[in-house]
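Asks: Once you've had a glance at the structure underneath, I'll fire off some questions.
The values are calculated or read from the model by the stated rules, or taken from the named source; none is laboratory data. Every value quoted in this text rests on a predicted model; they were computed, and no experiment measured them. Cβ atoms come from the backbone with ideal geometry, glycine included; neighbour counts cover every protein chain shown. These area figures cover heavy atoms from the full protein model, side chains too; ligands, DNA and RNA do not enter into them. Shrake-Rupley method; radii C 1.70, N 1.55, O 1.52, S 1.80 Å.
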Amino acid sequence: YDAVTAWIGSPVNAVLLALLIGTMVYHSMLGVQVVVEDYVSHHGAKVVTILLLNFLHYVLAALGIFAVLRIAFGSVA
């Protein structure tokens, strides 16, 4: 635990990890959107599902980046 928090606490590693989280979430969002577009036939359900999944991805990205920043700035209990 101490080694990982020290590694994330490095400014370069924290920035790169935040960028990695953003990139991974964006890649996941695009992949899930393609799956929904291919397999959900009803247009209304397709739009609602894509909107909900995009919202979920944004929340996950925000939580992940917040966690990295919290560790990087040393406010972990």
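Asks: Specify the residue that is nearest to Y26 (Cα to Cα); the eligible residues are those in region 43-77 that are in a helix (DSSP H, G or I) and in contact (Cβ under 8 Å) with a residue 40 or more places away in the chain. It would help to see each step written out before you state the result.
Replies: Our first condition is that a residue be in a helix (DSSP H, G or I); within region 43-77, this holds for 43-72.
Still in the running and in contact (Cβ under 8 Å) with a residue 40 or more places away in the chain: 61, 64-65, 68-69, 71-72.
Working: A61: 9, G64: 13, I65: 13, V68: 17, L69: 19, I71: 22, A72: 22 Å.
So the residue we want is A61.
Asks: As an exercise: evaluate F73 against (1) open to solvent by 90 Å² or more (accessible area, probe 1.4 Å); (2) more than 25 Å from W7 (Cβ to Cβ) and give the number of the one condition it does not meet.
Replies: Among (1) open to solvent by 90 Å² or more (accessible area, probe 1.4 Å); (2) more than 25 Å from W7 (Cβ to Cβ), the lone unmet condition for F73 is (2).
Asks: Take the conditions open to solvent by less than 60 Å² (accessible area, probe 1.4 Å) and either in contact with a helix residue (DSSP H, G or I) (Cβ under 6 Å, 6 or more places away or on another chain) or of a type outside the set (G, A, S) (or both) and apply them to A45. Does it pass?
Replies: On the way: open to solvent by less than 60 Å² (accessible area, probe 1.4 Å): yes; either in contact with a helix residue (DSSP H, G or I) (Cβ under 6 Å, 6 or more places away or on another chain) or of a type outside the set (G, A, S) (or both): no.
It is false that A45 is open to solvent by less than 60 Å² (accessible area, probe 1.4 Å) and either in contact with a helix residue (DSSP H, G or I) (Cβ under 6 Å, 6 or more places away or on another chain) or of a type outside the set (G, A, S) (or both).
Asks: While we're looking at this one, here's another question. Just give me the residues in region 10-31 being farther than 16 Å from G64 by Cβ and either within 14 Å of the chain's Cα centre (by Cα) or not β-branched (V, I, T) (or both), in sequence order. So that I can check it myself, show each step before the final result.
Replies: Of all residues in region 10-31, those farther than 16 Å from G64 by Cβ come to 10-12, 30-31.
If the condition is that a residue be farther than 16 Å from G64 by Cβ and either within 14 Å of the chain's Cα centre (by Cα) or not β-branched (V, I, T) (or both), then S10, P11, L30, G31 are the ones that fit.
Asks: Do we find that G64 is open to solvent by less than 40 Å² (accessible area, probe 1.4 Å) and modelled with pLDDT under 95 in this structure? Show your work before the answer.
Replies: Working: open to solvent by less than 40 Å² (accessible area, probe 1.4 Å): yes; modelled with pLDDT under 95: no.
Criteria not met by G64.
Asks: Further question on the same structure: Being touching a residue at least 12 places away in the same chain (Cβ under 8 Å) and surrounded by fewer than 12 Cβ atoms within 10 Å (Cβ to Cβ) is the filter here, so list the residues in region 1-42 that pass it.
Replies: Correct list: P11, E37.
Asks: Could you please let me know if V4 is part of a helix (DSSP H, G or I) and modelled with pLDDT of 95 or more? Steps first, answer last, please.
Replies: Numbers: part of a helix (DSSP H, G or I): yes; modelled with pLDDT of 95 or more: no.
Spelling it out, it is not the case that V4 is part of a helix (DSSP H, G or I) and modelled with pLDDT of 95 or more.
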